[in-house]
Amino acid sequence: MADDTQAYKGPKRVFSGVQPTGDLHLGNYLGALKKFVALQDDMECVYCIVDLHAITVWQDPKELADQTRQIAAAYLASGVDPAKAIVYNQSAVRAHSELAWYFNCVARIGWLNRMTQFKDKAGKNSEKMSVGLYDYPVLQAADILAFKATHVPVGEDQKQHLELTRDIAAKFNHDFNAPNFFPLCEPLIKGPGARIMSLRDGTAKMSKSDPSDNSRINLTDDADKIAKKIRKAKTDAGEMPADIEGLEGRPEIANLVGIYAALAERTDADILAQYGGQGFGGFKSDLADVAVAALQPITDLMVRYLSDPEELNRILAKAADRATEIADPIVADVRKIIGFCGS
Ligand code: TYM
């Protein structure tokens with residue numbers, strides 16, 4: 001695998017995306033947005049708001065544009081700098097849809113049948129889901145490969161989709177005898193925050209779709225709400241363990257310690273050394289302070305960005321032009337490689 005990644009000689013480029021489907025939560029922030037900011041000084045970064053992915057399930061047309069600006073505001077408020085990174089919405093760049101069609105003819109049905117996220121989202125109702133939801137990972141591959149992205153920062157739940165992206169890239173390169181045309185992207189998953197769990201159940205992922213709002217901290221929550229949710233977060237009958245081994249079999253505690261460590265940029269071991277042997281009250285109260293200190297400035301900035309929707313529209317439109325300039329020649333090369341008449 002590593003050799004394949006290294007065989008690609010093109011420039012290094014980062015791509016990632018977030019769906020405009022409701023409030024972002026702490027998992028999105030730690031698993032994705034915080035990493036986006038860290039990367040923008042080192043590589044060319046393309047950060048997309050994936051509105052084409054959003055419509056794989058019903059979105060109210062009256063709300064979609066606002067939801068899109070909401071994610072744009074969250075990117076910028078988290079520290080993504082539009083002068084450095086390219087921040088735009090997916091539907092404004094045609095290359096995504098076009099390449100997705102070509103990849104539909106490369107990906108195999110058996111590959112898609114193995115995607116666990118579709119199974120999780122569709123549950124027993126898979127027959128009633130949109131074809132787009134089933135095809136979601138192929139569009140995701142097109143997103144990444146329309147930019148020949150080499151690095152993709154995401155949370156752990158996206159691992160399987162990135163493996164599929166690599167499979168599609170490898171099959172395209174092989175079938176069309178175009179060695180290393182597409183890079184085999186490297187997922188950037190590791191690190192604190194890769195898998196933030198629900199505050200109500202340490203075995204379930206923190207998710208926008210959890211019916212309980214107390215299961216997640218939203219980027220739009222105010223200080224009181226954050227503190228209340230952390231106070232109510234599920235713990236167990238024991239006390240704070242003093243070391244990593246003590247987190248074994250205690251998913252809720254492991255999650256809270258992981259959140260603290262990720263937000264405060266400290267290690268789990270460090271946090272445990274500080275609170276080991278104590279009850280949960282003091283730890284939770286400090287965690288609430290850490291969470292508010294990290295998130296409140298982002299929430300406040302988001303409100304400021306959202307107060308000027310026209311400015312957000314301008315930022316997105318300008319970046320969509322930059323994105324098109326990169327992606328169009330790549331997709332034109334794909335047309336030539338496939339052998340279309342006139343390409
Ligand atoms: P979305 O909007 O569902 O999630 C956005 C990002 O948040 C991460 N994430 C989490 N990380 C840690 N803990 C959690 N509980 C948690 N929940 C969500 C996700 O892993 C993701 O990084 N399919 C993508 C959107 C996408 C994309 C792409 C990403 C479309 N095309 C191309 C990368 C490259 C998604 O999950 O969006």
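As a summary of the residue check, Gln158 satisfies the conditions (1) touching an Asp or Glu at 6+ places or on another chain (Cβ under 8 Å); (2) in the same structural domain as Cys48 (by TED's automatic domain parsing); (3) under 30 Å from Ile226 (Cβ atoms) except for the one numbered (1). Kindly establish whether Asn125 is part of a loop (DSSP other than H, G, I, E, B) and either free of Cβ contacts under 8 Å to residues at least 24 places away in the same chain or not assigned by TED's automatic domain parsing to the domain that holds Leu33 (or both). In short, no. The condition of being of a type in the set (Asp, Glu) and in contact with a helix residue (DSSP H, G or I) (Cβ under 6 Å, 6 or more places away or on another chain) holds for only one of Asp300, Asp243, Asp224, that being Asp243.
Is one or more of the residues making up segment 239-248 under 27 Å from the mean Cα position of the chain (by Cα) and under 24 Å from Leu33 (Cα atoms)? Within segment 239-248, none of the residues are under 27 Å from the mean Cα position of the chain (by Cα) and under 24 Å from Leu33 (Cα atoms). Residue selection: Asn173 satisfies the criterion of being closer than 28 Å to Ile326 by Cα, open to solvent by 10 Å² or more (accessible area, probe 1.4 Å) and either more than 15 Å from the chain's Cα centre (by Cα) or without any contact (Cβ under 8 Å) to a residue 12 or more places away in the chain (or both). It is to be established whether one or more residues within segment 213-226 are over 30 Å from Ile338 (Cα atoms), within 11 Å of the ligand (Cβ to nearest atom) and either modelled with pLDDT under 95 or assigned to a helix (DSSP H, G or I) (or both). Yes, that holds for at least one residue. The residue pairs whose first member lies in segment 139-151 and is open to solvent by less than 10 Å² (accessible area, probe 1.4 Å) and within 7 Å of the ligand (Cβ to nearest atom), whose second member is among the aliphatic types (A, V, I, L, M) and part of a loop (DSSP other than H, G, I, E, B), and whose beta carbons are closer than 8 Å, counting only pairs six or more residues apart or on different chains, are Asp143/Val50. One residue stands out among those in segment 111-122 that are of a type outside the set (S, T, N, Q) and either open to solvent by 70 Å² or more (accessible area, probe 1.4 Å) or assigned to a helix (DSSP H, G or I) (or both): the one that is nearest to Asp175 (Cα to Cα), which is Trp111. Are any of the residues in segment 29-46 under 20 Å from Ala194 (Cβ atoms), assigned by TED's automatic domain parsing to the domain that holds Gln70, more than 9 Å from the ligand (Cβ to nearest atom) and among the small types (Gly, Ala, Ser)? Yes: segment 29-46 contains one or more residues that are under 20 Å from Ala194 (Cβ atoms), assigned by TED's automatic domain parsing to the domain that holds Gln70, more than 9 Å from the ligand (Cβ to nearest atom) and among the small types (Gly, Ala, Ser).
From the list Arg13, Arg108, Arg69, pick out the single residue that is away from the ligand (no atom under 16 Å from the Cβ) and open to solvent by 10 Å² or more (accessible area, probe 1.4 Å).
So the residue among Arg13, Arg108, Arg69 that is away from the ligand (no atom under 16 Å from the Cβ) and open to solvent by 10 Å² or more (accessible area, probe 1.4 Å) is Arg108.
Filter segment 72-95 down to residues that are free of Cβ contacts under 8 Å to residues at least 60 places away in the same chain and open to solvent by 20 Å² or more (accessible area, probe 1.4 Å) and give me whichever is nearest to the ligand (Cβ to nearest atom). This residue is Ser91.
The values are calculated or read from the model by the stated rules, or taken from the named source; none is laboratory data. Given the structure is predicted, the values throughout are model-derived calculations rather than measurements. Glycine also receives a Cβ, built like all others from the backbone with ideal geometry; neighbour counts cover every protein chain displayed. Please note that ligands, DNA and RNA were not included when accessible areas were found on the heavy atoms of the full protein model with its side chains. Shrake-Rupley method; radii C 1.70, N 1.55, O 1.52, S 1.80 Å.
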